[in-house]
Amino acid sequence: MTDDFEARGKRKKLIAELRKKGITDEEVLRAMDTVPRHLFMDPAFLIHAYVDKAFPISSGQTISQPYTVAVQTALLEVKRRDKILEIGTGSGYQAAVLAEMGAKVYTIERHRELYRKARRSLAELGYEVEFFFGDGYAGKPQYGPYDGIIITAATREIPDNLLRQLKTGGKLVAPVGDVSSQVMTLVRRSGEGSFEYSAHGKYVFVPMLRGIVKEK
Ligand code: SAH
């Protein structure tokens, strides 16, 4: 399946809706206007691709709501050539938005099937992203330190191990809380051992879990 006139029109409407909901970062809006979100979902669900809702993908996981993708991405203040680590590849859509913004993206997924699918989707669209099948709690210190780290699954606390993989001046964004509700939390590493925290509204994500799942 490819992008087409109809999908592009639906995407424009979605972008207008995101603006109305308060998204002002033009680079984020441009990237989301460019990346065909429907290609990250089952073709049978095309009509759901451009409504502002999360949607089930395989392995019991979800592709985040467009508004949530926009908020997390805007909080990172991504610049071209920034090195960004994502925990929770899922469909690969968020990784594609970051790559479209010119970031060098490293992304980790604990479900083997999702990891495989996402890698295929991004290759088909021509985005160069580094994919890893593994447990995101470990991060990827060998490619760090990062300008930004984005956790796209709910975590009770931000793993110290990931904070240590940030550059000074780098930012980490994560939904922090229990399974029922999380607070979007932005952490800025202001010095070697100093971190500034700020809160950015309530969200509900699927949980960040330990270990890997090798189905199939
Ligand atoms: N960013 C995704 C949405 C991801 S949903 C997108 O754009 O579609 C959250 C994902 O985090 C799920 O795929 C889940 O399997 C994954 N996940 C949960 N815990 C993880 C961990 N410890 N390491 C890596 N991935 C994890």
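The criterion of being within 13 Å of the ligand (Cβ to nearest atom), in contact with a strand residue (DSSP E or B) (Cβ under 7 Å, 6 or more places away or on another chain) and over 28 Å from residue 142 (Cβ atoms) does not hold for residue 49.
Take residue 91 and tell me if it is in contact with a helix residue (DSSP H, G or I) (Cβ under 7 Å, 6 or more places away or on another chain) and surrounded by fewer than 18 Cβ atoms within 10 Å (Cβ to Cβ). So residue 91 fails the test.
Inside the stretch 62-82, residues that are free of Cβ contacts under 8 Å to residues at least 24 places away in the same chain and of a type in the set (Lys, Arg) make up a count of 2.
Identify, please: which residue in the stretch 95-106 is over 12 Å from residue 148 (Cβ atoms) and not charged (D, E, K, R) and is, among those, surrounded by the most Cβ atoms within 10 Å (Cβ to Cβ)? The selected residue is 95.
Please work out if residue 57 is in contact with a Ser or Thr (Cβ under 6 Å, 6 or more places away or on another chain), more than 17 Å from residue 127 (Cβ to Cβ) and of a type outside the set (Phe, Trp, Tyr). It is true that residue 57 is in contact with a Ser or Thr (Cβ under 6 Å, 6 or more places away or on another chain), more than 17 Å from residue 127 (Cβ to Cβ) and of a type outside the set (Phe, Trp, Tyr).
Counting the residues of the stretch 125-160 that are in a helix (DSSP H, G or I) and open to solvent by 50 Å² or more (accessible area, probe 1.4 Å) gives 6.
Within the stretch 91-115, the residues that satisfy the criterion of being outside any loop (DSSP other than H, G, I, E, B) and within 6 Å of the ligand (Cβ to nearest atom) are 93, 94, 108, 109, 111, 114.
For the stretch 33-66, the candidate set comprises residues that are open to solvent by 50 Å² or more (accessible area, probe 1.4 Å) and in contact with a helix residue (DSSP H, G or I) (Cβ under 7 Å, 6 or more places away or on another chain); within that set, the residue that is modelled with the lowest pLDDT is 46. Cβ-Cβ distances below 7 Å connect the following pairs, each with a first residue in the stretch 38-61 that is among the basic types (Lys, Arg), a second residue that is assigned to a loop (DSSP other than H, G, I, E, B), and a separation of six or more residues or different chains: 53/65. I'd like the residue in the stretch 135-194 that is among the polar types (S, T, N, Q), touching a Phe, Trp or Tyr at 6+ places or on another chain (Cβ under 8 Å) and within 15 Å of the ligand (Cβ to nearest atom) and, out of all such residues, is nearest to residue 69 (Cα to Cα). Among those residues, the one meeting the criterion is 152. Among the residues of the stretch 175-198, the ones that are within 15 Å of residue 154 (Cβ to Cβ), without any contact (Cβ under 8 Å) to a residue 60 or more places away in the chain and in a strand (DSSP E or B) come to 8 in all. Residues of the stretch 67-88 that are surrounded by 24 or more Cβ atoms within 10 Å (Cβ to Cβ) and within 10 Å of the ligand (Cβ to nearest atom): 69, 72, 86, 87, 88.
The values are calculated or read from the model by the stated rules, or taken from the named source; none is laboratory data. All values derive from a computational prediction rather than experimental measurement. So basically every Cβ, Gly included, is an ideal-geometry build from the backbone, and we count neighbours across all protein chains shown. Only protein heavy atoms, including side chains, enter the accessible area calculation; ligands, DNA and RNA are left aside. Shrake-Rupley method; radii C 1.70, N 1.55, O 1.52, S 1.80 Å.
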